[in-house]
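The values are calculated or read from the model by the stated rules, or taken from the named source; none is laboratory data. As the structure is a computational prediction, the values presented were derived from the model and not from experiment. With ideal geometry, Cβ positions are generated from the backbone for all residues, glycine too; neighbour counts draw on all protein chains shown.
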Amino acid sequence: MKHRSYLSIFAFRTTWITVLAVLFAMGNCSCESGQRINRSGPASGTAQTPATNSSTSSGDQGSVLSDSSGSSADSNQVDSSAVSDSTTTDSTALSLADTTASDSSTTAASQDWISGLPRLYTYRIVETYPHDHDAFTQGLVVQDSILYESTGLYGESTLRKVSLNTGEVLKRVDLDSRYFGEGLTAIGNRLVQLTWKSEVGFVYDKASFEQTGSFTYPTEGWGITYDGERLIMSTGSSTLYFRDPETFEETGRLEVTANLSPVANLNELEFVEGEIFANVWQTDRIAIISPQTGQVTGWLDLSGIVPSEERLESGAVLNGIAYDDKDNRLYVTGKLWPYLFEIELVPSE
Ligand SMILES: [Ca+2]
């Protein structure tokens, strides 16, 4: 009975989503831009539907945060995220089930052109690098084999310059213990770092790490990236905020949806070849988002990329995406992960 009901819903959704997709494709096909990334090749990772991910419970992150800071604000994040996360998980599970059921295309477009449903990708590990397993990664940027990393937790938050190849920390700034470091992005010779609940961001000279400015925002700060014209910021919700890279004033918003359902808990961000990649907090999934429509055009499932025995802390979840557009290399890591991976996307069959 449950199966029959699900098929009815799927048939209805597929019919009118197809209509929307065709109309959308006639005006603006976002699938072309994604093909510049290498999305072919054999998969070393096990393709699994993220609906069956072994994502940690919302309380797991809380145990890490509580252990490190004991702040009452931490429990606030756990509480609110727990509510929104359940919504996200439900809608995402349905979205991915739809994708798996209907995905018979072998093209590497990030969105199924016929059905309009998100494509599902797994990964191939190109290279494995060391990563400081004490780094509670919240923001990640890579340029010329140098990582710029923001780490969180009260009393432990940092801005770091790290050698990609060795994991050695080459330069480091410790944030005041009032601040919980969050997202990080680069704009020319500047680095921009968010804080979680302090509603302030910091601007640094990329070479010297000297703080050259700050700005405020009326939300939590989670992830941030730069598309060459605009800053794109996440707050743990399903809304992305565009900000001016000079004044930091808000210039627009984008509601992120998958099959018309909001996708909450958007966290670390990276602008990759015309699309926004976003970690979904406490999952092994990265949403590939059209910056024009907010639609999730693809899901990247990173389940199993770190062997389970390596995850020393229960809150050690995926939370780091960096893309080097000079050589089209994509890197991912997580909070307290001992490794950083260069990966390629592989369409899931
Ligand atoms: Ca990033």
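Quick notes
- Considering the conditions (1) in contact with a strand residue (DSSP E or B) (Cβ under 6 Å, 6 or more places away or on another chain); (2) surrounded by fewer than 20 Cβ atoms within 10 Å (Cβ to Cβ), residue 268 is excluded by exactly one of them, (2).
- The strands (runs of 3 or more DSSP E) found wholly in the stretch 252-349 and carrying at least 2 residues that are modelled with pLDDT of 95 or more and away from the ligand (no atom under 16 Å from the Cβ) occupy 296-301, 339-347.
- Selection within the stretch 194-241: residues that are surrounded by 21 or more Cβ atoms within 10 Å (Cβ to Cβ) and of a type in the set (Gly, Ala, Ser). The member of this set that is farthest from residue 296 (Cα to Cα) is 201.
- When 201, 228 are screened for being within 15 Å of the ligand (Cβ to nearest atom), over 14 Å from the mean Cα position of the chain (by Cα), at pLDDT 95 or above and on the phi > 0 side of the Ramachandran plot, only 228 passes.
- Residues being charged (D, E, K, R), under 21 Å from residue 273 (Cα atoms) and away from the ligand (no atom under 16 Å from the Cβ) - total across the stretch 231-251: 1
- The listed residues are 344, 268, 273, and the only one of them that is more than 12 Å from the chain's Cα centre (by Cα) and under 20 Å from residue 183 (Cα atoms) turns out to be 273.
- Filtered residues of the stretch 200-251 (kept if polar (S, T, N, Q) and more than 23 Å from residue 170 (Cα to Cα)): 214, 216, 219, 234, 235, 237, 238, 239, 247, 251
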